[in-house]
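Data block below; observations after.
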Amino acid sequence: MKCRHCKHLLQHQFLDLGFAPPSNAYLSQADLTRPELYYPLKLYVCEQCWLVQTEDYAAADSLFSSDYAYFSSTSSGWVQHAKQYSEKIIETLSLTKSSFVVEIASNDGYLLKNFVEQDIPCLGIEPTDSTADAAEKLNIPVLRDFFGETLAERLVSSGKQADLIIGNNVYAHVPDINDFTRGLKALLKVNGTITLEFPHLLQLITHCQFDTVYHEHFSYLSLFTVSRIFEKTGLRIFDVEELSTHGGSLRIYACHQEHKRPICESVARILEQELDCGMRSLELYQTFQHRADVIKDNLLTFLLEKKAKGERVVAYGAAAKGNTLLNYAGIKPDLVPAVFDAAKSKQGQYLPGSHIPVLAPEQLKAMKPDIVLVLPWNIADEVVAQNSALVAPDTKWMIAIPELIRV
Ligand SMILES: [Zn+2]
């Protein structure tokens, strides 16, 4: 297997999470009587460009099917994050009715609705019908497709180029990162700006967030590697912000290479941080499997002890990262009988692999749990605030990553 970016031969596998089904492949009751497809889930690091990546195994269109169940608007914290970003960028770039904004992976319109409200022309690019339908109801034009160089050139030839291209949590999810980046270059106006948000590999490694590894998540990105990919494509990163979203993300700001914009000091500072942490040496990656196994073993021991004592542990949040953790640990409904989630699209279904049923939060009361394990640890505070009234006051809320602790 070769590196997705620089084509160097990949020789360093540093994490093996066994086999798992695609993390968003929720199952209906009828599906439970059929075979389920599992794919290897392993991470490699490229010693040439330091891109961390999963093994190639399936076409992207089989992962993002039309009944894709992830709706961005489900998380109120994320909606708020999008609103703040929109207000800030509209002001910074002085966007007006004559500007044009494109969001790639626009999902259910959680972000572009803020531009529609300000009468700023925009276009969402989104391959999943279920979320695109929701966005169109908010008067957001949506092009139902995957983004890449071909699509960008098609837009350009129809007279469309963007003042602002936004990509939130999509860059890590594209199988061909070079093609996607060439698309960004093609679609961007001469004076245009690109902003991308992606989970920061530095945080994944530092806090052992191995559950953020799943098949739909092809790349795990550092500022160093993204800068390199951009430079190869004729783009340039001129600013970067650290965000708390998704366990620690970066938001990069980029423009055409030849565009004269000063580079902010944050770029050098974060590159330095990555270097100091050892992200460009193999030693850092070689201890990761052991650290992940300690977390998995501790969780299993805890669940087995609780089962022996007759205490009931349920989970909250039918998120992709929860599925990675549950499947790697081999947790089934005998240890965790239910997972609760506010997304109606997931309720009544079963988690891929573990087959744990997904129930509405209102059903928490009847279940009388002693412990609720919050799988999306990145929004644990929000989950507890919204749901603590649904359980007895002495119910413990816990997270498993970076270590098993009470929220
Ligand atoms: Zn490489």
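The values are calculated or read from the model by the stated rules, or taken from the named source; none is laboratory data. From a predicted model like this one, the values you see are computed outputs, not experimental measurements. Please note: Cβ atoms are built from the backbone with ideal geometry, for glycine as well, and neighbour counts cover all protein chains shown. Note: accessible area is taken over every heavy atom of the protein model, side chains too, but ligands, DNA and RNA are not part of it. Shrake-Rupley method; radii C 1.70, N 1.55, O 1.52, S 1.80 Å.
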List, please: which pairs have Cβ atoms under 7 Å, are six or more places apart or on different chains, and start with a residue in the stretch 6-21 that is under 25 Å from residue 38 (Cβ atoms) and in contact (Cβ under 8 Å) with a residue 24 or more places away in the chain and end with one that is assigned to a strand (DSSP E or B) and within 11 Å of the ligand (Cβ to nearest atom)? 10/2; 10/44; 12/44; 12/45; 13/44; 14/45
Does residue 324 satisfy the condition of being surrounded by fewer than 21 Cβ atoms within 10 Å (Cβ to Cβ), in contact with a Ser or Thr (Cβ under 9 Å, 6 or more places away or on another chain) and modelled with pLDDT of 95 or more? no
Checked 112, 123 against criteria (in contact (Cβ under 8 Å) with a residue 24 or more places away in the chain and either of a type in the set (Lys, Arg) or in contact with a Cys (Cβ under 6 Å, 6 or more places away or on another chain) (or both)); the one match is 112
Residue ranges of helices (runs of 4 or more DSSP H) in the stretch 212-292 with at least 2 members more than 24 Å from residue 41 (Cβ to Cβ) and modelled with pLDDT of 95 or more: 223-232, 265-277
Can you name the residue in the stretch 155-184 that is more than 30 Å from residue 22 (Cβ to Cβ) and of a type in the set (D, E, K, R) and is also nearest to the chain's Cα centre (by Cα) among such residues? 163
Among (1) open to solvent by less than 40 Å² (accessible area, probe 1.4 Å); (2) in contact with a Ser or Thr (Cβ under 7 Å, 6 or more places away or on another chain); (3) at pLDDT 95 or above; (4) more than 30 Å from residue 44 (Cα to Cα), residue 343 falls short only on (3)
Condition first: among the small types (Gly, Ala, Ser) and either open to solvent by 20 Å² or more (accessible area, probe 1.4 Å) or without any contact (Cβ under 8 Å) to a residue 60 or more places away in the chain (or both). Now tell me which residues in the stretch 346-402 satisfy that. 348, 354, 360, 366, 380, 385, 388, 389, 392
Just give me the residues in the stretch 17-41 being touching a helix residue (DSSP H, G or I) at 6+ places or on another chain (Cβ under 7 Å) and either over 29 Å from residue 290 (Cα atoms) or not in a loop (DSSP other than H, G, I, E, B) (or both), in sequence order. 17, 18, 20
Hey, does the stretch 312-319 have a residue that's open to solvent by 40 Å² or more (accessible area, probe 1.4 Å), part of a helix (DSSP H, G or I) and either closer than 24 Å to residue 394 by Cβ or not aromatic (Phe, Trp, Tyr) (or both)? no
